[in-house]
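To start, the structure itself, in structure tokens.
The values are calculated or read from the model by the stated rules, or taken from the named source; none is laboratory data. Computed from a predicted structure; not experimentally measured. Glycine gets a Cβ as well: all are built from the backbone with ideal geometry, and neighbour counts include every protein chain shown.
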Amino acid sequence: MLGFKSVKAALLISMLSFIGVLASSQANAACSFVSTINGSPLAIKATATDTPQAKEFLETCNNPYTKAYAADASLITQKTPKGGKALFGYNGCSGCHGGKLEGVMAPSLRKDGGQGAFDTKWVYAKNATDKGMFETISGGSAGVSGGVMSPWNITLADHVGDGLSTDEILRLIAYIRTEYRGDGEKTWMK
């Protein structure tokens, strides 16, 4: 009898441990990043030089810059650290997306109309969230709209040039959000 009770106790402890691991992995699943290209896991790693804002995003998937930029427009153009607008220009984003986010060789990021099929809607529906846009900029895109975007996150081995830190990508996203002119719901502000 004692052996059966021991087995039951061990089984109960194992089940409780499994439930704890499952709950903890589900809590972390919200910030598990996936490639926009093929849906595979996107291995974005925290670095020793990450800012508190980058660390917050990697833990919560909430971009702290989005609401901050909306509340204080001076952050968009600040010089140090570079605001999202400066990062957009310095990193050549305007070459494809246009100097005013109007779209040139790549879709408009303002979403205020235009001639392209993606000038009024996101090419990838997930870009309606900051997490989704972070995944697209970090890991690149497959080129559904006609052109391919290379990976930019410095923690990925195949990133473009010097790459961009998680913090820089978050500031770029916040800048893009402040320039949105579409009539869709601003889901990233929730």
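Please tell me if residue 127 is in contact with an Asp or Glu (Cβ under 9 Å, 6 or more places away or on another chain) and buried (at least 16 other Cβ atoms within 10 Å of the Cβ).
The answer is yes for residue 127.
I'm checking my understanding of the structure. Among residues of the stretch 123-136 that are among the β-branched types (Val, Ile, Thr) and over 16 Å from residue 65 (Cα atoms), which one is nearest to the chain's Cα centre (by Cα)?
136
Does any residue in the stretch 74-100 that is more than 16 Å from residue 119 (Cα to Cα) and in the same structural domain as residue 112 (by TED's automatic domain parsing) come within less than 6 Å, Cβ to Cβ, of a residue that is in a helix (DSSP H, G or I) and among the polar types (S, T, N, Q) six or more places away or on a different chain, and which pairs are these?
Qualifying pairs under 6 Å: 76/178.
Which residue, of 64, 151, 107, is on the phi < 0 side of the Ramachandran plot and surrounded by fewer than 21 Cβ atoms within 10 Å (Cβ to Cβ)?
64
So in the stretch 133-180, with the set limited to residues that are of a type in the set (Val, Ile, Thr) and in a helix (DSSP H, G or I), which one is farthest from residue 35 (Cα to Cα)?
It comes out as 178.
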